[in-house]
1. Just the residues that are among the aliphatic types (A, V, I, L, M), closer than 22 Å to GLU70 by Cβ and in a helix (DSSP H, G or I), please, taken from segment 1-28.
2. Those residues that are over 15 Å from ALA62 (Cβ atoms), surrounded by 13 or more Cβ atoms within 10 Å (Cβ to Cβ) and under 16 Å from the mean Cα position of the chain (by Cα), I need them from segment 33-49; list them, please.
3. Evaluate segment 54-63: report whether one residue or more is open to solvent by 60 Å² or more (accessible area, probe 1.4 Å), over 15 Å from the mean Cα position of the chain (by Cα) and at negative phi.
4. Return only the number of the condition from (1) in contact (Cβ under 8 Å) with a residue 24 or more places away in the chain; (2) surrounded by 12 or more Cβ atoms within 10 Å (Cβ to Cβ) that HIS2 does not satisfy.
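The values are calculated or read from the model by the stated rules, or taken from the named source; none is laboratory data. From a predicted model like this one, the values you see are computed outputs, not experimental measurements. Please note: Cβ atoms are built from the backbone with ideal geometry, for glycine as well, and neighbour counts cover all protein chains shown. To get the accessible areas, we keep the full protein, side chains included, count just its heavy atoms, and leave off ligands, DNA and RNA. Shrake-Rupley method; radii C 1.70, N 1.55, O 1.52, S 1.80 Å.
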Amino acid sequence: MHISELQHVLAERYLEKDAKMGELFLLAVLMEEVGELAKAVRYHEGVDEEVADVVFVCICLANLLGVDVEHALSQRYVSRSFDEVSKSW
């Protein structure tokens with residue numbers, strides 16, 4: 001499944017509810033999930049689930065804000081050289 005397909009499926013399932021919750025709520029959920037991912041990485045347990053949770057919330061937030069995730073990733077990280085991308089790290 002391509003990212004754009006996943007984004008569409010998640011929009012169909014969650015966008016209406018996410019719109020009621022709002023972008024700041026989703027941002028708070030994302031911060032919580034990033035914290036859980038940090039803990040999973042530290043203890044080498046459940047990393048795959050936590051990565052999935054972070055990506056899920058990012059896509060839900062992108063849907064709410066009208067961001068095409070696949071296009072944005074391609075423009076930002078595929079179309080540019082490693083040197084260009086790594087300058088901002």
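1. Looking only at segment 1-28, we keep the residues that are among the aliphatic types (A, V, I, L, M), and these are 1, 3, 6, 9-11, 15, 19, 21, 24, 26-28.
Add one more test, that the residue is closer than 22 Å to GLU70 by Cβ, and what stays is 1, 3, 6, 9-11, 15, 19, 26-27.
ILE3, LEU6, VAL9, LEU10, ALA11, LEU15, ALA19, LEU26, LEU27 - these are the residues of segment 1-28 that are among the aliphatic types (A, V, I, L, M), closer than 22 Å to GLU70 by Cβ and in a helix (DSSP H, G or I).
2. VAL34, GLU36, LEU37, VAL47
3. For segment 54-63, residues open to solvent by 60 Å² or more (accessible area, probe 1.4 Å), over 15 Å from the mean Cα position of the chain (by Cα) and at negative phi: absent.
4. (2)
Table: residues versus (1) in contact (Cβ under 8 Å) with a residue 24 or more places away in the chain; (2) among the charged types (D, E, K, R).
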{"residue": "HIS44", "(1), (2)": "no, no"}
{"residue": "GLU49", "(1), (2)": "no, yes"}
{"residue": "ASP53", "(1), (2)": "no, yes"}
{"residue": "ALA62", "(1), (2)": "yes, no"}
{"residue": "GLU70", "(1), (2)": "yes, yes"}
{"residue": "TYR77", "(1), (2)": "no, no"}
{"residue": "PHE82", "(1), (2)": "no, no"}
{"residue": "SER86", "(1), (2)": "no, no"}
